[in-house]
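Undergrad: My questions all concern the structure below.
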Amino acid sequence: MKRNGYFITVLLFFLIGMKGFSQSAPPFFDVDLWENGLPNTNGADQLPYDIASHNFKPFIRVFLPEKENAIGRAVVACPGGGYHGLAYDYEGTDWASYFNEQGIALIVLSYRMPKGINKDVPISDAEQAMRIVRQQASEWNINPHNVGIMGSSAGGHLASTIATHAAPELRPDFQILFYPVITMDKSYTDQGTHDNLLGKEASREMEILYSNEKQIDSTTPRAFIAFSDDDRVVSPMNGILYYSSLKKMNIPASLYIYPSGGHGWGIGDGFVHKKEMLADLTGWLRSF
């Protein structure tokens with residue numbers, strides 16, 4: 001009887017917690033990226049979609065602010081995961097309340113993994129996300145010329161790739177990069193991210209092409225870049241190189257390097273400098 005009572009108590013706490021979560025989480029809806037079929041393959045198209053095997057259905061999850069609070073701005077978020085998986089919550093959906101409270105729509109991208117086979121797979125998914133947001137801008141109460149992209153870690157590489165490589169109509173209007181992999185140069189890149197995107201035997205030409213600090217031009221959008229000084233996974237030099245290249249092109253950019261925090265903090269409460277980071281980001285977003 002005591003055992004049954006224990007499980008009932010645990011279940012009640014779980015249900016209460018879920019109820020509280022559902023009340024506080026912003027409403028959302030999902031949109032399939034490729035309703036008419038995938039444009040390319042990573043070799044896993046015939047396998048069942050399975051989170052455990054990091055085989056994701058490409059879609060966007062859309063969190064819109066209340067209409068009366070909307071300012072017409074949107075952010076497409078690319079969670080990180082080394083181009084192997086997705087930190088979908090704390091680098092993606094957990095940001096919804098923060099952005100929606102400021103009247104900003106958040107669109108979280110679930111993109112396919114390149115698997116060291118086809119670098120174009122995640123890039124095409126991110127470009128399609130930008131395309132859909134701008135196509136639906138009127139319906140979603142968004143200004144199509146105020147759509148930014150956000151990325152963390154490998155997602156930061158994907159976001160900065162869209163900011164530097166995409167066709168003009170698909171480039172974001174601003175970029176927010178948390179501890180991003182920027183370069184494919186082996187001196188500073190995250191090797192796992194490099195190998196998962198380009199393959200272990202990537203040519204020097206490919207490494208240069210996807211070293212995004214080398215691909216900045218006058219059309220690259222303004223950037224917010226944040227790192228921890230003690231990041232041992234992705235060197236803060238990635239952010240420094242990107243910031244330096246942006247400034248050489250006279251592109252507005254802000255670089256924040258916090259004293260500690262390591263890697264992969266997202267919007268989690270475990271990041272000791274979370275309040276500072278959110279204040280810095282809020283100020284930056286209000287600056288233009």
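Undergrad: Which condition number in (1) in contact with a helix residue (DSSP H, G or I) (Cβ under 8 Å, 6 or more places away or on another chain); (2) modelled with pLDDT of 95 or more; (3) more than 23 Å from F288 (Cβ to Cβ) is the one that D229 fails?
TA: D229 satisfies all of (1) in contact with a helix residue (DSSP H, G or I) (Cβ under 8 Å, 6 or more places away or on another chain); (2) modelled with pLDDT of 95 or more; (3) more than 23 Å from F288 (Cβ to Cβ) except (1).
Undergrad: On to the next question. Please determine, by comparing only the residues of region 247-288 that are in contact with a His (Cβ under 9 Å, 6 or more places away or on another chain) and over 13 Å from F178 (Cα atoms), which one is least open to solvent (accessible area, probe 1.4 Å).
TA: Here the answer is S260.
Undergrad: Do we have R222 as farther than 14 Å from T161 by Cβ, of a type in the set (K, R) and free of Cβ contacts under 8 Å to residues at least 60 places away in the same chain here?
TA: Taking the combined requirement at face value, the residue does not satisfy it.
Undergrad: Just to be sure I understand, how many residues within region 83-97 are out of contact with any strand residue (DSSP E or B) (no Cβ under 8 Å at 6 or more places or on another chain) and surrounded by fewer than 24 Cβ atoms within 10 Å (Cβ to Cβ)? If you could, list the steps in order and put the result at the bottom.
TA: Residues of region 83-97 out of contact with any strand residue (DSSP E or B) (no Cβ under 8 Å at 6 or more places or on another chain): 83-85, 89-90, 94, 97.
From the residues that got through so far, the ones that are surrounded by fewer than 24 Cβ atoms within 10 Å (Cβ to Cβ) too are 84-85, 89-90, 94, 97.
Residues meeting the conditions: 6.
Undergrad: Right, something else. Please state which one of E207, E201, E169 is over 15 Å from A253 (Cα atoms) and modelled with pLDDT under 95. Give the derivation first.
TA: On the way: E207 fails: modelled with pLDDT under 95; E169 fails: modelled with pLDDT under 95.
Of the residues listed, the single one that is over 15 Å from A253 (Cα atoms) and modelled with pLDDT under 95 is E201.
Undergrad: From the residues in region 76-91 that are in contact (Cβ under 8 Å) with a residue 40 or more places away in the chain and of a type in the set (G, A, S), which one is nearest to D269 (Cα to Cα)?
TA: Residue satisfying both the conditions and the ranking: A87.
Undergrad: Would you mind finding the one in K115, K67 that is basic (K, R), in a loop (DSSP other than H, G, I, E, B) and over 20 Å from N42 (Cβ atoms)?
TA: Every option except K67 fails the conditions.
Undergrad: A further question follows. Can you find, within region 70-81, the residue that is surrounded by the most Cβ atoms within 10 Å (Cβ to Cβ) among those that are touching a strand residue (DSSP E or B) at 6+ places or on another chain (Cβ under 8 Å) and in a loop (DSSP other than H, G, I, E, B)? Working first, answer last.
TA: First pass over region 70-81, keeping only residues touching a strand residue (DSSP E or B) at 6+ places or on another chain (Cβ under 8 Å): 70-71, 73-80.
Filter again for in a loop (DSSP other than H, G, I, E, B), leaving 70-71, 79-80.
On the way: A70: 19, I71: 15, P79: 28, G80: 33.
Taking the candidates together, the pick is G80.
The values are calculated or read from the model by the stated rules, or taken from the named source; none is laboratory data. Because the structure is predicted, anything quoted here is derived from the model rather than measured. Neighbour counts run over all protein chains shown; Cβ positions are idealised from the backbone, glycine included. Please note that ligands, DNA and RNA were not included when accessible areas were found on the heavy atoms of the full protein model with its side chains. Shrake-Rupley method; radii C 1.70, N 1.55, O 1.52, S 1.80 Å.
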